[in-house]
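Structure first, then comments.
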Amino acid sequence: MASFILASQSPRRKSLLEWAEMKFEIVVSETDESYPANLSIPEIPEYIARHKAIAVEQKIKDQGTYRHDTCIIAADTVVVLNHEIIGKPEDRAAAIASIKKLAGKTHQVITGVCLMYNGVMECFSEVTDVLFHPLTEEQITYYVDTYQPYDKAGGYAIQEWIGVVGIESINGDFYNVMGLPVSKLIQKIKQLGLL
């Protein structure tokens, strides 16, 4: 059985793997999250996830802790509205603007996942459609001021107040919106014979 490394400091991804009762450790390496301009939007999260996995593999090799049975799990999530990526907001004003854009509309959450095992890389993506109710200015500012969602793609987290109150429907994997399509991930790991 492989030993697993989660290449992410996201508490949500950590929780999802724990809920799946996987044994893993967390190793992160600062990674440039820029990408070539010629990539299509669905390719971007996989590209960034690949680079996160490569950076962590290099880090554990440099530390002398790399083993051939190590499987690195890396992921990146983007929120997309009308072919535009709604990134992580830099500040309060940007967070409010992001949620205003999403209110009353359907957007896509795309998570790219990369598994790196013994020199082999397996990448895939999951797409979930999320429809927000129309939201008032008061609701939006309350959420941003209370939860300060500055580290979250699109400026929100579905498992927080805004998800309970503001989301009308989702079509696809709920956990993908949290940052990791964990069911599909487990299936891929089993297909590779690592679980």
Screening Glu21, Glu57, Glu90, Glu25 for residues that are part of a loop (DSSP other than H, G, I, E, B) and closer than 24 Å to Pro181 by Cβ leaves only Glu21
State which residue is nearest to Gly179 (Cα to Cα) when the search covers only the range 60-78 and only residues that are in a loop (DSSP other than H, G, I, E, B) and of a type outside the set (Phe, Trp, Tyr). Asp69
Top-ranked residue of the range 60-100 - restricted to ones that are charged (D, E, K, R) and under 27 Å from Ala37 (Cα atoms), ranked as surrounded by the fewest Cβ atoms within 10 Å (Cβ to Cβ): Glu90
Where a residue in the range 160-188 is more than 19 Å from Pro134 (Cβ to Cβ) and its partner, wherever it lies, is of a type in the set (Val, Ile, Thr) and assigned to a helix (DSSP H, G or I), with Cβ under 7 Å and at least six apart: Tyr175/Val182
The range 55-72 residues that are within 16 Å of Glu30 (Cβ to Cβ), paired with ones that are of a type outside the set (Gly, Ala, Ser) and in a loop (DSSP other than H, G, I, E, B) (beta carbon under 6 Å, 6 or more apart): Ala55/Thr31; Val56/Val27; Ile60/Tyr66
Segments classed as helices (runs of 4 or more DSSP H), wholly inside the range 123-182, with at least 2 members that are polar (S, T, N, Q): 137-147
Criterion first (closer than 26 Å to Ile41 by Cα, of a type in the set (Ser, Thr, Tyr), surrounded by 21 or more Cβ atoms within 10 Å (Cβ to Cβ) and under 20 Å from the mean Cα position of the chain (by Cα)) does Thr111 satisfy it? yes
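Every number here is computed from the coordinates shown, using simple stated rules; none is lab data. Note that this is a predicted model, so its numbers are computed, not measured. Methodologically, a virtual Cβ is constructed for each residue, glycine included, from the backbone with ideal geometry; neighbour enumeration extends over all protein chains shown.
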